[in-house]
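Submitted below is the structure of interest, expressed as structure tokens.
The values are calculated or read from the model by the stated rules, or taken from the named source; none is laboratory data. Computed from a predicted model, the values in this text were never measured in an experiment. Cβ placement follows ideal geometry from the backbone for every residue including glycine, while neighbour counts extend to all protein chains displayed.
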């Protein structure tokens, strides 16, 4: 039986900034801590296509760790798309 990611005992992965649950949806504060930058930088990078975009959950925005951020970081944080409004994003 799989343990839901928000329950104690769920699988976690150790990062430089503490454990991240494998199936985690991360808030901007958590993403900023992992990347060691300000929250505002995360929003700017996301808007500019410099990192994977967040998903929307109602009014909340979250980043998928396993599917988006982890592979993006492993690849050296490449640009993921052109700037908004530049005709290529």
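Out of all the residues in the range 34-69, which are surrounded by 17 or more Cβ atoms within 10 Å (Cβ to Cβ) and assigned to a helix (DSSP H, G or I)?
34, 35, 42, 45, 46, 65, 68, 69
Of the conditions (1) modelled with pLDDT of 90 or more; (2) touching a helix residue (DSSP H, G or I) at 6+ places or on another chain (Cβ under 8 Å); (3) assigned to a loop (DSSP other than H, G, I, E, B), residue 76 clears all except one; give me its number.
Status for residue 76: all satisfied but (2).
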